[in-house]
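**Q** Sharing a structure, written as structure tokens. Questions coming.
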Amino acid sequence: MNWTSISNSSFFGKILRLPLRLVPKRAVLPILQGPLRGKKWIAGSGNHGYWLGSYEMDKCVRFAKAVPSGGVVFDLGGNVGYYTLISAFRAGPRGRVFAFEPLPRNLDFLRRHLVLNRIENVTVIDAAVSDRSGTVRFEEDSSTSKGRIGGSGSLEVKSIALDDWLDQGLLPAPDLLKIDIEGAEFLALQGARRMLAAKHPPIFLSTHSGTVHKECLAFLESLAYRVAPLDNRPLERSRDVWASVSFGRA
């Protein structure tokens, strides 16, 4: 059963989730299903869908299949490490994964998950990805997965434009990007324009507003990308998309 598809506020949802309240937040549990089945996870790092293996299950399965063995993966919005771990195991020991995450709380869990699973092919970069390098204000949210770049944010964090770091030789060109950064997706794409135009790596992209969605689609199409939804919604209404120039389903 996909627990995360059932509303927390519904009667059925409350009954189903009652036993989960008894799980200690510090407990290290095996992930029960999906691409990370059997890997170790800290229960209190996020919602229980992570270790239950139901978190974004269909998307995670498709993402795992897209990770090239021995390839380079950029995880923009590493959060507590779920997609980072998928990338690391699928890329294998010859692959390299770069996880970008600005929030200290998330960074702590991300690094602990890497240690727990003895992962050595991941580089964690404590920064937000944007259209310029420097610093930005960051708005924290009650949900640690929903922090975002914002002028009124209480936290100042380092920002990175991917093109800057690639030009300086600080990063290798990626073979795959996953971008889920709570509304700053268009900024991140702008900051990687040169690399995207030259290398055209496939992209798993989540957008968080209608305006940002339209901007991202127009930007990618201007660089010869073709875009398809990762769900059953029309492209203009979908918020999870797959972009590639050599098109095929992810």
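The values are calculated or read from the model by the stated rules, or taken from the named source; none is laboratory data. Being a predicted model, the structure only gives us computed values, none of them experimental. In this analysis, Cβ positions are derived from the backbone assuming ideal geometry, glycine residues included, and neighbour counts consider all displayed protein chains.
**Q** Counting only residues that are of a type in the set (Val, Ile, Thr) and under 21 Å from Leu107 (Cα atoms), which one in the stretch 23-54 is surrounded by the fewest Cβ atoms within 10 Å (Cβ to Cβ)?
**A** Val28
**Q** If you take the residues in the stretch 58-107 that are assigned to a helix (DSSP H, G or I) and β-branched (Val, Ile, Thr), which one is nearest to Glu156 (Cα to Cα)?
**A** Looking at the filtered set, the residue picked out is Thr84.
**Q** Now a separate question. Give me the pairs: first residue in the stretch 53-69 and over 13 Å from Leu230 (Cα atoms) and without any contact (Cβ under 8 Å) to a residue 40 or more places away in the chain, second residue of a type in the set (D, E, K, R) and assigned to a helix (DSSP H, G or I), beta-carbon distance under 6 Å, and six or more apart or on different chains, which are they?
**A** As it stands, the answer is Ala64/Arg90, since those pairs meet every condition given.
**Q** With respect to Leu116, determine if the residue is at pLDDT below 95 and either surrounded by fewer than 18 Cβ atoms within 10 Å (Cβ to Cβ) or aromatic (Phe, Trp, Tyr) (or both).
**A** No, not satisfied.
**Q** Looking at Ala161, Ala173, Ala192, can you tell me which residue is more than 26 Å from Ala64 (Cβ to Cβ) and more than 14 Å from the chain's Cα centre (by Cα)?
**A** Only one candidate passes the filter, namely Ala161.
**Q** Sticking with this one: Val73 - would you say it is buried (at least 23 other Cβ atoms within 10 Å of the Cβ) and within 15 Å of Pro202 (Cα to Cα)?
**A** So Val73 passes the test.
**Q** Oh, and also: Identify, from the list Ala198, Ala218, Ala192, the residue that is among the hydrophobic types (A, V, I, L, M, F, W, C) and surrounded by 17 or more Cβ atoms within 10 Å (Cβ to Cβ).
**A** Going through Ala198, Ala218, Ala192 in turn, just one is among the hydrophobic types (A, V, I, L, M, F, W, C) and surrounded by 17 or more Cβ atoms within 10 Å (Cβ to Cβ): Ala192.
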